[in-house]
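Undergrad: The structure under discussion is supplied below as structure tokens; questions concerning it will follow.
Every number here is computed from the coordinates shown, using simple stated rules; none is lab data. Values in this document were obtained by computation on a predicted structure and should not be read as measured data. Heads up, the Cβs are rebuilt from the backbone with ideal geometry, glycines too, and the neighbour counts pull from every protein chain shown.
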């Protein structure tokens with residue numbers, strides 16, 4: 001990782017910047033997979049509520065931020081799935097109950113080692129699962145470098161213009 005770049009645990013002071021970065025990352029990541037109108041209508045206030053819920057409490061959620069010179073440029077979050085599996089009603093993955101629920105970096109900061117730092121901070125080398133847009137080849141390739149492979153589970157996000165997604169899983173492994 002270049003000098004000035006760092007990954008650290010997210011704190012309540014990051015909430016506003018996380019909400020902004022979350023929206024911008026969605027707009028960058030899903031351009032071409034979702035309509036311009038959908039992406040333009042993403043409400044930053046929704047992300048602000050989410051990040052307040054996650055971080056502004058006595059025991060904050062497991063989330064990490066990628067920073068460039070102290071400015072948040074991305075994030076990752078992990079959680080334990082409630083039994084009997086993912087909230088979408090799929091059976092639990094063979095990898096267990098640890099799920100990477102999000103990993104996003106601004107396009108301007110991809111390829112600098114921050115993604116590796118985020119996934120390492122969030123998961124270490126533990127078995128885990130994640131959901132990724134089926135058409136996001138760059139993300140799928142990234143996750144494969146960390147031992148994730150599709151397990152055959154698929155879903156469609158109806159509220160996201162029927163965006164298809166796939167689940168990827170990995171067993172414990174050595175990090176590349």
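Undergrad: Run the quick spin-label model on residue 138 and residue 61: label points 7 Å from Cα toward the beta carbon, then report their separation in nm to one decimal.
TA: The modelled label-to-label distance comes out at 2.4 nm.
Undergrad: To continue, here is another question. Can you compute the modelled spin-label distance between residue 112 and residue 162, with each label point 7 Å from Cα toward Cβ, in nm?
TA: Distance between label points: 3.9 nm.
Undergrad: Still on this model: Can you give the extra length, in nm with one decimal, that the chain gains between residue 40 and residue 125 once fully stretched, where that is 0.36 nm per residue apart less the Cα-Cα distance?
TA: Here the answer is 26.9 nm.
Undergrad: Still on this structure: Of the DSSP beta bridges with both residues in the chain, give the percent that are antiparallel, rounding to the nearest 5.
TA: So the antiparallel bridges amount to about 90 percent of the total.
Undergrad: Here is a further query. Could you point to the label whose value was computed as Cα extents along the principal axes in Å for the structure here, given [x] 40, 39, 34; [y] 42, 33, 32; [z] 51, 39, 24?
TA: Recomputing Cα extents along the principal axes in Å here picks out [x].
Undergrad: Give me the one-decimal nm value for the distance between modelled label points at residue 154 and residue 79, 7 Å along each residue's Cα-to-Cβ direction.
TA: The answer from the label model is 2.5 nm.
Undergrad: A further question follows. Which residue fluctuates most in the GNM of the chain (Cα springs below 10 Å): 19, 40, 66?
TA: Of 19, 40, 66, the most mobile in the Gaussian network model is 40.
Undergrad: Moving to a separate point now. I want to verify a result. In a Gaussian network model of the chain, Cα cutoff 10 Å, which of these has the top mean-square fluctuation: 96, 135, 111?
TA: In the Gaussian network model the winner is 111.
Undergrad: Sticking with this one: Gain in length, residue 52 to residue 28, computed as 0.36 nm per residue apart minus the alpha-carbon separation, to one decimal in nm?
TA: Full-extension gain reported as 6.3 nm.
Undergrad: Right, next: Can you give the helix-only mean residue ellipticity at 222 nm for the chain, where every DSSP H stretch with n ≥ 4 adds -39500 (n - 2.57) and the sum goes over all residues, rounded to the nearest 500 deg cm²/dmol?
TA: -8500 deg cm²/dmol
Undergrad: So, one more: Return a whole-number percent for the relative contact order of region 5-170, with Cα pairs under 8 Å and 6 or more residues apart as the contact set.
TA: With pairs under 8 Å counted, the relative contact order is 21 percent.
Undergrad: Which one, 106, 118, 80, has the greatest fluctuation when you compute a Gaussian network model over the chain with C-alpha springs under 10 angstrom?
TA: The residue with the greatest mean-square fluctuation here is 80.
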